[in-house]
2 protein chains.
Amino acid sequence: MLASAASLLNIQTVILDVGEDAPAKQVFSSSQHIDGSFKDQQKIAELASRVDVLTVEIEHVDVDALDAVKKSHPNVEIHPAPETIRIIQDKFLQKEHLGKHSTPLGEFMSVDSAPESIKHATEKLGLPLMLKSRTQAYDGRGNFLLHSLSDVDKAIAALGSGSRPLYAEKFLPFTKELAVMVVRSVSGEVASYPVVETVHKDNICHLVFAPLRTADAGLCRRAEEIARNAVRTFEGAGVFGVEMFLLEDGTITINEIAPRPHNSGHYTIEACETSQYSNHLRSILSLPIGSTSLKVPASVMLNLIGVSDSMDPIKDVCRKALEIPGAAVHLYGKKDCRKGRKMGHITLVAPSDAELRDRLRPLLQILPTSSSSLDEQEKGRQKEVTLYAPVQPSPTHSHPQPLISIIMGSDSDLPTMLPASQILTRFSIPYELTIVSAHRTPARLYPFAQNAAARGVKVIIAGAGGAAHLPGMVAAITGLPVVGVPVRSSTALDGVDSLYSIVQMPRGIPVATVAINNSTNAALLAIRILSTSDPRLLTRMEDYMKEMEREVSTKIERIESGGWGNYEVKKH
Amino acid sequence: MLASAASLLNIQTVILDVGEDAPAKQVFSSSQHIDGSFKDQQKIAELASRVDVLTVEIEHVDVDALDAVKKSHPNVEIHPAPETIRIIQDKFLQKEHLGKHSTPLGEFMSVDSAPESIKHATEKLGLPLMLKSRTQAYDGRGNFLLHSLSDVDKAIAALGSGSRPLYAEKFLPFTKELAVMVVRSVSGEVASYPVVETVHKDNICHLVFAPLRTADAGLCRRAEEIARNAVRTFEGAGVFGVEMFLLEDGTITINEIAPRPHNSGHYTIEACETSQYSNHLRSILSLPIGSTSLKVPASVMLNLIGVSDSMDPIKDVCRKALEIPGAAVHLYGKKDCRKGRKMGHITLVAPSDAELRDRLRPLLQILPTSSSSLDEQEKGRQKEVTLYAPVQPSPTHSHPQPLISIIMGSDSDLPTMLPASQILTRFSIPYELTIVSAHRTPARLYPFAQNAAARGVKVIIAGAGGAAHLPGMVAAITGLPVVGVPVRSSTALDGVDSLYSIVQMPRGIPVATVAINNSTNAALLAIRILSTSDPRLLTRMEDYMKEMEREVSTKIERIESGGWGNYEVKKH
């Protein structure tokens, strides 16, 4: 993917990898490519002799070789700096480095690959305890979650029987895994991509949702800041993948950092104004960093991971993806499929979170699993669907990815507000419906309004009667458009009280007010608002208006043909 | 670009082109590529012997060779059908074919490369007369616009001195050039991409704007239908570029068709859910056709055309593009730069038409021109900017690419509506402002409302007083969200008349009503509506709200510190 980005800028690329048909060598034809390992000092020196700038796509390179290149080829720039790679490739050094720079981290400590040392660690950090190899670890290899001291020998065996240095991490019961790609320029400026939610399966990156949806409006800002600050502490240019844990109490800790384009940034190719690959190139070549903004409303990346030696199940998923709007298939051209090997990925983009899940669902439904039992496979897939792309609930229950939120001050407003829900159902707009009372649940009102946008809600429809404060109060807290429905609840003032309460908002805080009791129009207005970002909705709104026109035409004909004497007026 | 799309699907590609480092051979490494001309029968046969499916990226191939392949390699599928290429590569046959299938065309006729024949054509089709080579013509080569009979000899010389067959076309004074990419599946189903506006310079494609903006709401539907119908008449699968003229009276005629991915479809790589290249592959391989929807609000493609043997001026444009958000540079890796040669292109995407032009402007300002006079170069660039990316007008004049339209029933409403325009200026939202009276200009009302969306307007703010029909009537004609401002114009009812007229719309047609005379809130509401598709606006709205909070805090402090006895209330 990096070679592909380079070819668009006519930048000549020389690739060091084993074999003549390594993926990168396939997409960028050159007689200059080098056949060899990225741990081979001599091959690295050979590579350095052919280039102006040297970069890595994997951190497990031979750093001594890079240091040697620095001396033997002083004019070759190396990004990120060898020292950065040296720190990052040893996860314990990485944590020490980050800790020194006040980065939020879970507790960790050095351990020897010996039962007593590990036992000591459990006394300090508790059980379960995460044991990790300090080096050569990725995709969950080199991790062992120790649940009980009786498994210590098993852990040592699994982690290389003492041949590899270890360290221990306090196990953090995270609620979500987050990641932020950060671009660092040669001069040390940093720019960050949006926060994404990553989902791992069997310790390997499985799904990446962008952008992150959360009920905590400040979370993304906090996560991006932590990621940018962490990357600022390293030397050299390039893209860095910062993986983080979100804990129950909203705290964010850094899990680990990759000094290169990262799996959690693959979505940027289709979903952002500049891909992580283009930005990695730009940064190491001292070119301007490109915009990291999303250019689509929602996106998800699904890794295609081998479950056996056969590519067939992966090809089936790709074939299905070709039927899905917004799906882009990336196969890497790796020669052999193997269990646990990343053979490619699929990125989906969509106009909304709900539609994204609709597009993801058929892929999860045929995802290959390594289980041999058909029953187990089916169960596994069903679980995936339930977790990440649940089927739409019945029309009278809230959708998990609502675009519109219908709220009302009291359950007595429900009959007035139901027509709104019927219109949204008719237009297949995902929505939620609940009660938020400005006067009886003021403490619920504030976070509800404040976090609505971060949850992906685009429009709030609020119905209220009498001293109808709800729409205006919600509009005072959120920046989203709020549609107010004056409910005729008091007989004394016939709804005019509600209307005035809602429409006569002070300068600065608008509420889009519709007619008294007319929640139908509130929903239609909300759809018109959504149509400004989804042209298909505009077409459907125009169709709806033509349908109304046809209905009136039919009535005209009935009056014409039957005469007005016998004409019966139907009530709504 | 086709090879690139193929590599993502692990589809092996063999390329026939002259040279070892033709662009396509660079991006898809293979020892199988063939060095030779696409007019070389033997090389075409050699290519056929190595593949399952054979396609073309240029229509000037040797069709006899393709016919021979059909016989010698009956299992090799050829797309599009050789017969289709044969018809299309002879522009006169192409026109005859399209005419037979009732495609809208300008008048044309066969001519000999002789003065009398051409003179006869001018008598039938008038002057100026478009003379064209029937074959081997592209990028304006092989076209001669004959203005006067005295130039006939010049025309014949320019068009090959009788060595190439010619035909004549009635010159059509078009107002715009349009193009639609159409995908045709093996089974003959067709899908079309959005209509784009193409701009040619020196007869070569220069700019492509997607989607087309127009003041004629039905135009896109008509153009797509004509393009799809035309492509339906050809045999074989693949992507077709349909170039069209839009005449003054709204008539569309087909100019010509390309049986392959087309320059007017390059924007699809970054701007659509599936690129034209991916869809060309899918169609010729009998795979499902991908979604042709735009995934961004606005996009433009700028060709990078050589002006001399030097690549330097093109590199300058690319360097500038790297500074621009949403710009993707595509350099083709062609060995030699030449005047008139397409060396690459830049695609820009943006959240709005106005922002797209802002991003395009700096590129047009440094575009290389072939003029040797610095003064001429500067003039040429200035003209480009004026035509395609004019600088924003002064804040009290309408923007040429408005997102919001402020209208009012009477000039007497202007003082009430001006605060709306000030808010939009403060938020740098492109808008227009004009008078549309429901009662005094009903004939203007209808097309204004009907065409607003096609012009790119997203929200209409309508102010009206008294019997205030304007907002509701506009909402009854367009599917866009309409914000209504009740203007307190009659002293009798103090604006309540206007409020009721605007807010009490019947079920089916909503108007988002704000407080009486509160056009500030109308503008803020319109911005909130736009923020549903542009998250940056949501952040700015939240900042605006925090600023209001701060202002009140300052007042609180003033009351605290100075006491309320001396507190002076400032009026708005």
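The values are calculated or read from the model by the stated rules, or taken from the named source; none is laboratory data. In this text, all values refer to a predicted model and were calculated from it rather than measured experimentally. Here Cβ is always computed from backbone atoms with ideal geometry, including for glycine, and neighbour counts include all displayed protein chains.
Brief remarks on what is shown
- Any hit, segment A:67-77, residues being within 13 Å of chain B (Cβ to nearest Cβ) and either on the phi > 0 side of the Ramachandran plot or among the small types (Gly, Ala, Ser) (or both): no
- Candidate set from segment A:530-547 (those that are facing chain B (nearest Cβ under 7 Å) and closer than 18 Å to residue B:472 by Cα); member that is nearest to the chain's Cα centre (by Cα): A:538
- Of all residues in segment B:458-505, those satisfying the criterion of being assigned to a loop (DSSP other than H, G, I, E, B) and either of a type in the set (Lys, Arg) or within 13 Å of another protein chain (Cβ to nearest Cβ) (or both) are B:458, B:478, B:479, B:480, B:481, B:488, B:494, B:495, B:504, B:505.
- Test for residue A:426: is it surrounded by fewer than 18 Cβ atoms within 10 Å (Cβ to Cβ) and in contact with a Gly (Cβ under 9 Å, 6 or more places away or on another chain): no
- Of B:198, B:135, B:214, B:175, all but one fail to be surrounded by fewer than 18 Cβ atoms within 10 Å (Cβ to Cβ), modelled with pLDDT of 95 or more, touching an Asp or Glu at 6+ places or on another chain (Cβ under 9 Å) and among the polar types (S, T, N, Q); the exception is B:175.
- The helices (runs of 4 or more DSSP H) falling completely within segment B:4-99 that include 1 or more residues that are crowded, with 19+ Cβ neighbours inside 10 Å, at pLDDT 95 or above and not hydroxyl-bearing (Ser, Thr, Tyr) map to B:41-48, B:63-72, B:82-89.
- Of all residues making up segment A:506-520, the number that are closer than 17 Å to residue A:405 by Cβ, within 7 Å of another protein chain (Cβ to nearest Cβ) and either part of a loop (DSSP other than H, G, I, E, B) or free of Cβ contacts under 8 Å to residues at least 24 places away in the same chain (or both): 1
- Residue in segment A:407-417 that is assigned to a helix (DSSP H, G or I), surrounded by 16 or more Cβ atoms within 10 Å (Cβ to Cβ), touching a Ser or Thr at 6+ places or on another chain (Cβ under 6 Å) and of a type in the set (A, V, I, L, M, F, W, C) present: yes
- Residue within segment B:102-112 that is acidic (Asp, Glu), more than 27 Å from the chain's Cα centre (by Cα) and part of a helix (DSSP H, G or I) present: no
- Subset of segment B:426-457 (residues that are more than 27 Å from residue B:534 (Cβ to Cβ), among the hydrophobic types (A, V, I, L, M, F, W, C) and in a helix (DSSP H, G or I)): B:443, B:445
- Across segment B:521-572, the number of residues qualifying as closer than 25 Å to residue A:482 by Cβ and part of a helix (DSSP H, G or I) comes to 30.
- Inside segment B:57-95, residues that are within 22 Å of residue B:14 (Cβ to Cβ) and touching a strand residue (DSSP E or B) at 6+ places or on another chain (Cβ under 7 Å) make up a count of 9.
- Among all positions in segment B:223-244, there is no residue which is part of a helix (DSSP H, G or I), without any contact (Cβ under 8 Å) to a residue 24 or more places away in the chain and under 15 Å from the mean Cα position of the chain (by Cα).
- Only one of the listed residues (B:530, B:499, B:524) is in contact with a Leu (Cβ under 6 Å, 6 or more places away or on another chain) and closer than 28 Å to residue A:449 by Cβ. That residue is B:530.
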